[in-house]
Amino acid sequence: MSRRTLCLAALITATFASQATDLPVVPREQPSLQALATAPSEAELHATIEKLVGFGTRHTLSDTKSDKRGIGAARRWVKSRFEEISRECGGCIEVVTPSQMFTGKRAPQPTEVMDVVAIKRGKGDPKRVIVMTGHLDSRVTDVMNSTSDAPGANDDASGVAALMEAARLLSKQDNDATLVFAALSGEEQGLYGGKVLADYATAQGWQVQADLNNDIVGNSHGQNGVLDNTTVRVFSEGTKSNETPEQAKYRAYHGGEVDSPSRNIARYMEQIASNYLPDLRVHMVYRTDRYSRGGDQVPFLEAGYPAVRVTEGHEDYTRQHQDLRTGHTDQDRNIHYGDTIDGVDFRYLARVTALNTVTMAALSRAPAPPTGVSIEGALATDTTVHWKKVPGATGYVVHWRDTTAPQWQYSRSVGDVDSAVIKDVVIDDWFFGVSAVSADGYQSPVVFPGDAGSFERSPAASAAAKTGAP
């Protein structure tokens, strides 16, 4: 080969290399997330639920002194298990037990409600926090009955088992943002445990990016006879529950009623399942919770933090909030009531646990969602999207979808910039959003423009909402 040919080949190689480095960073599939998708152990989940059921009752008003029975014994065991996980990772987890005193309709005497919280600090962005919750307390038919056996195997030892297994698995992984795994108390008496943790998050100055509240996640047999171990529901609010009247007025005209950060967390989880859990379908439900019911994600929403509820696809109400008994009337003869461990499908619970674990890992390794997102394009055939850059991002992706589409349909990687013009896409006909991407291809959730879609703690009114300006 001649010297001239060698020089020409070197020039072509250098040119292609230069062009490659100029290409925008794009989201990509992560082998480590593929490994996590099959990591949850059915045996670990079974052992945790079996232990929690063994405390007889975990009613919020039950015994707190006994080492064998009641909410106190259950809390101490969860704390000891978190501490054991921490020892196995060289002290990577801090365990705290925030509490408050409550008095209310379902807690007539002043009652201490204590959460057990495991915290794995992020290495690069520790104030940004991803939370997974489940409630430790249980109940029977009479919500004030604190002495009868209330196994609470599915409601909600399943959620606690899932978060403890996620903590075990993720204790061995790197995370840029902080991960929090919290077993809450007081849910059945008034969502008190969620308030305790939301207040603690505020006091600690946490920037909560998401709360994944897992409540009733272990049953695959619906009361109507449906058997389905491939569907999990993710409930998310459409508009922020604490938006100001000014913000609501702006949103009503410019859009955002189906694009709260909570809703975009649900979309993120649906995409995680599509990419990494082909045997599990996320059914996004456009509600804060099931009809006329609630969960511990609600106090997070009220505090201005994004939150979703994760719940099995088909519930069996004979196993929820029921005294242990066998039916004997013509309508319920031979039905076994009560929330016992035989009603838990551990393979299904392992898949739901995997969804949470992979979601937390992905969120914690991706950059924070972009801030200051705005759009402009009235009386134009192009749409311009603006945002503020965030630490850890080396590129950004602009997304858009039809206004009636449930999931983002189109996207364009635009590089390490803070604005982009989407040619020939008219602002009137589409919804837009922006995500941030790390150098290794982890992507944040999509952020819808304005206060309606911002992941920053609400209700911070922005200049755009006040003036209509981008």
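The phi-based Karplus calculation (6.51 cos²θ - 1.76 cosθ + 1.60; θ = phi - 60°) puts the 3J(HN,Hα) values of region 130-146 at 10, 10, 10, 10, x, 9, 7, 6, 9, 7, 10, 4, 7, 5, 9, 7, 9 Hz, whole numbers, x for Gly and Pro. With a cut-off of at most 13 other beta carbons within 10 Å, and DSSP calling the residue loop, which trypsin sites (Lys or Arg not before Pro) in region 65-99 qualify? Please list them. Sparse-neighbourhood loop trypsin sites (Lys or Arg not before Pro): LYS65, LYS68.
Legend: residues ILE427, ILE335, sorted from most to least accessible area (1.4 Å probe; ligands, DNA and RNA excluded), read ILE335, ILE427. In this structure, the amide hydrogen of HIS283, modeled 1.01 Å from its nitrogen in the peptide plane, lies closer than 5 angstrom to those of VAL232, ARG233, VAL234, counting only residues at least 5 positions away or on a different chain. By DSSP, what percent of the beta bridges with both residues in the chain are antiparallel, rounded to the nearest 5? Here the antiparallel bridges make up roughly 65 percent for the chain. Entry comment: accessible area of the chain is 42 Å² per residue, from protein heavy atoms only and a probe of 1.4 Å.
Of the trypsin sites (Lys or Arg not before Pro) found in region 96-156, the ones in coil according to DSSP and having at most 12 other Cβ atoms within 10 Å of their Cβ are LYS105, LYS123.
Close amide-amide hydrogen proximity is noted between ALA150 and THR57, ARG58, each under 5 Å apart and 5 or more residues distant or on a separate chain (H modeled in the peptide plane; Pro and chain starts excluded). Backbone geometry of region 384-401 corresponds, through the Karplus equation with coefficients 6.51, -1.76 and 1.60 at θ = phi - 60°, to 3J(HN,Hα) couplings of 10, 10, 10, 7, 9, 5, 10, x, x, 8, 10, x, 9, 10, 8, 10, 8, 8 Hz, x marking Gly and Pro.
By a 1.4 Å probe calculation restricted to protein chains, ASP174 has an accessible surface near 100 Å², given to the nearest 10. Packing, taken as the mean count of other beta carbons within 10 Å per residue, orders the peptides 370-381, 212-223, 448-459 from highest to lowest as 212-223, 448-459, 370-381. For the chain, give the magnitude of the charge dipole about the Cα centre (Cβ charges: +1 Lys/Arg, -1 Asp/Glu; no others), in debye to the nearest 20. About 1000 debye.
Among the trypsin sites (Lys or Arg not before Pro) within region 280-317, those in coil by DSSP and having at most 15 neighbouring Cβ atoms inside 10 Å are ARG287, ARG293.
Atom-type composition of the exposed protein surface of the chain places 52 percent of the accessible area on carbon and sulfur (1.4 angstrom probe). Distances between placed amide hydrogens fall under 5 Å for ASN214 paired with THR133, GLY134, VAL310, all partners being 5 or more residues away or on another chain.
Computed from backbone phi, the HN-Hα couplings of region 188-196 come to 5, 8, x, 6, 5, x, x, 5, 4 Hz, rounded to whole numbers (Karplus: 6.51 cos²θ - 1.76 cosθ + 1.60, θ = phi - 60°; Gly and Pro given as x). Computed over region 246-404, relative contact order equals 14 percent, with contacts defined as Cα pairs under 8 Å that lie 6+ residues apart.
The values are calculated or read from the model by the stated rules, or taken from the named source; none is laboratory data. All values reported here derive from a predicted model rather than from experimental measurement. Note that each Cβ is placed from the backbone with ideal geometry, even for glycine, and that neighbours are counted across all protein chains shown. To get the accessible areas, we keep the full protein, side chains included, count just its heavy atoms, and leave off ligands, DNA and RNA. Shrake-Rupley method; radii C 1.70, N 1.55, O 1.52, S 1.80 Å.
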